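We did not get these values from a lab; they are worked out from the coordinates using the rules stated. Bear in mind that the values here come from a model prediction, so they are computed numbers and not experimental data. Please note: Cβ atoms are built from the backbone with ideal geometry, for glycine as well, and neighbour counts cover all protein chains shown.
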Amino acid sequence: MRKILIVGAGSGTGAALAESLSASHEIWSTSYRSESQRPTRHVCWDAAAEVFPADWLPEALDGLVYCPGSIRLAPFQKLEIEDFREDFELNLLGAVRALQAAIPVLKAGSHPAVVLFSTVAVSTGMPMHASIASAKGAVEGLTRSLAAELAPRIRVNAIAPSLTDTPLAAGLLRSERQRDAAAKRHPLERIGQSADLAAAARFLLSEQAGWVTGQVLAVDGGMGSLRRFG
């Protein structure tokens with residue numbers, strides 16, 4: 001069985017991906033908080049502050065998915081420098097910590113692949129998104145740079161979603177009115193689900209995506225590229 005490390009498997013997309021892969025893959029997972037129902041191949045890890053526990057990893061990994069992220073929406077003038085630092089620590093530097101620990105064992109894996117997460121707000125300018133778009137823009141730069149550096153052994157891609165119905169976005173989707181308005185902003189007239197992102201990540205991890213690297217895959221309901229009239 002292929003061995004996949006899912007960082008941030010405690011909820012949302014990470015949990016959905018772990019569930020979808022568990023029957024056919026061996027899953028190593030981390031979460032910020034302890035997950036008592038997780039299998040023994042699970043550790044609690046604070047991606048924004050702690051050194052990654054490299055000695056816990058298996059001798060070979062076939063894939064890594066880094067799911068932790070943040071949604072910090074605020075006017076630029078109200079953002080503190082510390083807000084930017086916190087978003088970079090979690091979104092970019094947490095991924096760097098995990099990758100630097102895992103790359104040696106990924107190189108020992110079979111057709112290894114890395115999947116990171118960006119946001120539609122990097123390619124589509126959106127107000128109130130300065131901090132998170134900056135951090136995720138750095139993730140996209142990391143994706144392309146590592147894809148070049150690690151080719152041909154390890155493929156590296158990212159997924160750029162729009163608003164997705166996860167615990168992270170709960171504050172933006174508290175009421176039916178908010179959910180309706182959010183859905184109608186997307187050409188496909190619905191908000192994303194964890195299963196949508198998990199399916200995309202599963203594809204990018206698989207050998208079906210064996211000729212795909214250095215890409216940022218938009219899974220955003222058309223938000224980033226389509227405009228409807230009328």
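Can you tell me, using C-alpha contacts under 8 Å and at least 6 residues apart, the relative contact order of the stretch 2-219 as a whole percent? It comes to 22 percent, rounded to a whole number.
Highest average first, the peptides 82-92, 48-58 ordered by how many other beta carbon atoms sit within 10 Å of their residues are 82-92, 48-58. Extension gain, S145 to W211, is 22.1 nm, computed as 0.36 nm per intervening residue step minus the present C-alpha separation. Apply 1/(1 + (r/R0)^6) to the Cβ-Cβ distance of L226 and F84, taking R0 = 41 Å, and write down the FRET efficiency to the nearest 0.05. For R0 = 41 Å, the calculated efficiency reads 0.85.
Taking N as the residue count of the chain, its C-alpha radius of gyration divided by 2.2 N^0.38 Å amounts to 0.99. To the nearest ten degrees, helix 130-150 and the longest principal axis of the Cα atoms of the chain are 30 degrees apart.
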